[in-house]
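These notes are about the structure you will find just below.
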């Protein structure tokens with residue numbers, strides 16, 4: 001009985017890291033009525049799975065590092081490096097369609113201008 005318990009525990013421990021690694025994939029399939037599946041390391045496979053499920057392919061923000069001082073939207077394609085220079089979703093989506101990629105919101109983007117002064121302009125002499 002003890003041996004059976006040890007084998008069961010070993011099987012669980014060996015499976016757990018694999019499940020965590022699967023969740024770290026950069027691309028996810030989202031569809032209505034189903035959990036988000038972040039299992040895809042290739043954009044083409046993600047889009048094919050999304051089409052089969054009637055869903056869409058997204059980027060796993062937890063697995064992709066984006067720059068803080070960049071555009072509000074990023075494009076990621078099979079090159080696996082996010083390009084975050086898009087000011088709006090429309091231009092990003094146009095580029096994503098042309099390059100067979102995925103556009104996503106850069107959650108780390110600065111929402112204010114880092115060079116803006118936070119004090120009133122000096123008025124008066126001198």
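The numbers here are math on the coordinates, done by the rules we state, and not lab data. These numbers were taken from a predicted model, which means no experiment stands behind them. Quick reminder, even Gly has a Cβ in these numbers, built from the backbone with ideal geometry, and neighbours come from all protein chains shown.
A few points about this structure:
- Residue 62-residue 93 pseudo-label distance in nm [points 7 Å out on the Cα-to-Cβ vector]: 2.7 nm
- FRET efficiency for the residue 39 to residue 100 pair, using the beta carbon distance and R₀ = 22 Å, is estimated at 0.70.
- Normalised by 2.2 N^0.38 Å, where N is the number of residues, the alpha-carbon radius of gyration of the range 24-105 equals 1.03.
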